[in-house]
Amino acid sequence: GSIVTVAAFGAIAVIVLLVACINFMNLSTAKAAQRIRETGIRKAAGASQAGLIVQFVGEAVLMAALAMLVALACVELALPAFNAIVQRELSLQSLGAAVSVPLLAVLILVVGIGSGSYPAFYIASCKPALILRGQLVGGKGGAWLRSALVVVQFTVAIVLLISVATLYLQVRFARNQETGYDKEQVVVLGNLGREGVGRQWDAMKRDLLAQPGVLQVSAANSIPTHDIGTSYFITYQGGTERRSMPAMLVDVDFFETLGIGLLAGRTFSVASGMDQHRATQPGTGGSSGTYIVSEEAARQFGWTPQQAIGKWVEVTCCGMGQGLIVGVVKDVQYQSIHVPKGPVLYFIPPEPEQYVSQETRLGLHNIVIKLSAHDLPATLARIDDSWKHWRPTQPITRFFLSDEFNALYQDEDRQQRMLVSFALLAIFITCLGLYGLSCYNAERRSKEVGVRKVLGGSVWSIVLLLTNDFSKLVLIANVVAWPVAYYAMERWLQNFAYRIDLTPLIFLGSGFIALCIAWVTVGGTAAKAASQKPVLALRYE
């Protein structure tokens, strides 16, 4: 796959880990009061500040080491599902013990020291005299930092939510985009080898058309969802220089089989007797057959679809020659919407005897069959029998065009599933931290809640009071996240020739979801605190 995608998801993984580290720092500093007296007694007994810092950082490193063991077990359990998403066979053994063990050890140290340093310095720096007199420090500095870290967490969650929404809408837009052809109930037979459809093609085609459930049959050198792969230098009426243009080698009924719309003129037909090209010497000006062009090709020639009919085009190679344009068809999205619809020249190629063997015909390597929706399994079985009759030595390669179309966006599908997983994980970790902080906040303000209830405050007003601070933090996180997400998604959408617009609804919806998550997480704790009897909080006053 793309190394850019790998790097992007690696960065997201680091950010999710950072969110977990922020949780640890937040909860450690918030719960410092539970260990602050222990610290004061130890410092009064002679413990040095450096020793206390080493102890607290060591505890954080030990917790990171235990978390690593749990993480490795989770990875082992999750690998089958992950391999199904990325379509690879990965295992922990592929890392190699010689490489992975030192890296995991470094990761443990980085996470443990990084997340444990601030709480260690914060707790160890308290003055023992103040601690033992009950004058605990908690100050505005620690509260400000906790608020800033909550903003960072929700910023990450909101950016991921916006990214998930953008990926989903873009992939849905791609699947619903007008392709210019009918992909439903169209089966393709490949594996035709160098000889293409072969000189028995006319008889094989009649046999396939005679099968119940088969509506149309044609052939081409390529099919939609695949790169055309063939380009020729051409000149055209009124043009001053040669230009290169993709060309599709097709059989009659190709446009009818795939439902490609006709804008002007006619399509190829057997009845005309003059559509198939004959071997000529390029540059002689003699007519060797007819051409059909796409709407974009006509536009690049400077013609409307109606003006293009009757103009001449000449392919200056491969036994082709000059021929008249008899039809203009709608543009077809042959590849994914990463690539814009381009000009295409269609023709029935010649059969010059000096260029092809007796077993070769037309250079057409794909048989395209339009089926009815009735009893598809039986129709496919009859097609297989027909193939065995005409190609007894070749195994059949059969697939539906709709499956090939879906495969065009399998990378985006995998990215979306992985991004959803990351977003859910980040939100879950953020909720854990928010729940811990809300519990701490409710406990710290329990006496205030009790006084408000005694003075007539309602449960709802107290819930709003306790959730108000966190709501402000989420709103600030939205202000920070929206520009970051807009820049990242605009860069990603530039990879598509046809794309959605980033509407305000995507950002407002993601922000509202984050706000609802915060309300649900904090609201439960706040409601529990507000519903307690005031006497429980005030009985010692």
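The values are calculated or read from the model by the stated rules, or taken from the named source; none is laboratory data. Being a predicted model, the structure only gives us computed values, none of them experimental. With ideal geometry, Cβ positions are generated from the backbone for all residues, glycine too; neighbour counts draw on all protein chains shown. Ligands, DNA and RNA are stripped out before the accessible areas are found, and what is left, the full protein with its side chains, is counted by its heavy atoms. Shrake-Rupley method; radii C 1.70, N 1.55, O 1.52, S 1.80 Å.
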### Task
Can you tell me which of 212-218, 401-407, 424-430 comes out highest on packing, and rank the rest after it, using the mean Cβ neighbours within 10 Å?
424-430, 212-218, 401-407
### Task
Report the one residue of I369, V111, F121 whose Cα lies farthest in the direction of the positive end of the charge dipole of the chain (charges on C-beta: Lys and Arg +1, Asp and Glu -1; origin at the Cα centre).
F121
### Query
How large is log10 I(q)/I(0) at q = 0.10, 0.15 Å⁻¹ when the Debye formula is applied to the Cα atoms of region 148-266, each weighted equally and without solvent?
-0.56, -0.91
### Message
With Cα Rg over 2.2 N^0.38 Å as the read-out, I listed [x] 1.07; [y] 0.94; [z] 1.45; which label goes with the value calculated from this structure?
### Response
[z]
### Helix 376-390 axis, angle to the chain major axis (alpha carbon atoms, nearest 10°)
50 degrees
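Leaving out ligands and nucleic acids, note down the accessible area per residue over the chain with a 1.4 angstrom probe, in whole Å². Display every interim value, and only then the final one.
Numbers: 26940 Å² over 541 residues.
So the chain comes to 50 Å² accessible per residue, rounded to a whole number.
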### Message
Report the gain in length on full extension from T503 to L62: 0.36 nm times residue separation, minus Cα-Cα distance, nm rounded to one decimal.
### Response
154.1 nm
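From Cα pairs below 8 angstrom and at least 6 apart in sequence, can you work out the relative contact order of the chain, rounded to a whole percent?
On the way: 816 pairs, mean separation 110.9, N = 541.
Worked out over the chain, it gives 21 percent.
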### Summary
On the formula 1/(1 + (r/R0)^6), with r taken between the Cβ atoms of H338 and A71 and R0 of 51 Å, the FRET efficiency rounded to 0.05 is 0.90
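For W144 and I41 in the same chain, what is the full-extension length gain: residue separation times 0.36 nm, less their Cα-Cα distance, in nm?
Working: separation 103, 0.36 × 103 = 37.08 nm, distance 2.73 nm.
So the extension gain works out to 34.3 nm.
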### Filter on K205/K311; K205/K388; K183/K388; K311/K341; K205/K370 - keep pairs with C-alpha separation over 20 Å
K205/K311; K183/K388; K311/K341
#### Entry: Translational D in µm²/s for region 2-87 (Stokes-Einstein at 4 °C, 1.567 mPa s, Kirkwood Rh from C-alpha pairs)
80 µm²/s
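What ranking do 343-349, 458-464 get when scored by the average of other Cβ atoms within 10 Å per residue, highest first?
Details: 343-349: 22.0, 458-464: 15.0.
Ranking the peptides 343-349, 458-464 by packing returns 343-349, 458-464.
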### Query
Dividing the convex hull volume of the Cα atoms of region 199-249 by its residue count, what figure in Å³ per residue is obtained?
133 Å³
### Query
Mind listing the Cα extents of region 424-514 along all three principal axes, in Å, largest one first?
64, 23, 17
### Query
So what is the calculated 222 nm ellipticity per residue for the chain, using -39500 (n - 2.57) for each DSSP H run with n of 4 or more, over all residues, to the nearest 500 deg cm²/dmol?
-19000 deg cm²/dmol
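What does the highest-first list of 390-399, 169-178, 227-236 look like by mean Cβ count within 10 Å?
Details: 390-399: 12.3, 169-178: 15.0, 227-236: 16.9.
Highest mean packing first, the order is 227-236, 169-178, 390-399.
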### Query
FRET efficiency for T304 and W519, Cβ-Cβ distance as r, R0 = 60 Å, nearest 0.05?
0.55
### Message
Can you tell me the length gained on complete extension of the stretch V14 to S2, counting 0.36 nm per residue apart and subtracting the Cα distance?
### Response
2.4 nm
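Taking all protein chains as present, what is the carbon and sulfur share of the accessible area of region 157-239, in % to the nearest whole number, probe 1.4 Å? The partial results should precede the final answer.
On the way: 1560 of 3250 Å².
Exposed carbon and sulfur together represent 48 percent of the surface.
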### Message
Let me spell out the model: positive unit charges on the Cβ of Lys and Arg, negative unit charges on the Cβ of Asp and Glu, origin at the Cα centre of the chain. What dipole size does that give, in debye rounded to 20?
### Response
3140 debye
#### Entry: Distance between region 426-462 and region 151-175 - C-alpha centres, whole angstrom
30 Å
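In whole percent, how big is the carbon plus sulfur part of the accessible area of region 372-477, probe 1.4 Å, protein atoms only? Each step should come with its number before you reach the end.
Details: 3470 of 5590 Å².
For region 372-477, the apolar C and S fraction of the accessible surface comes to 62 percent.
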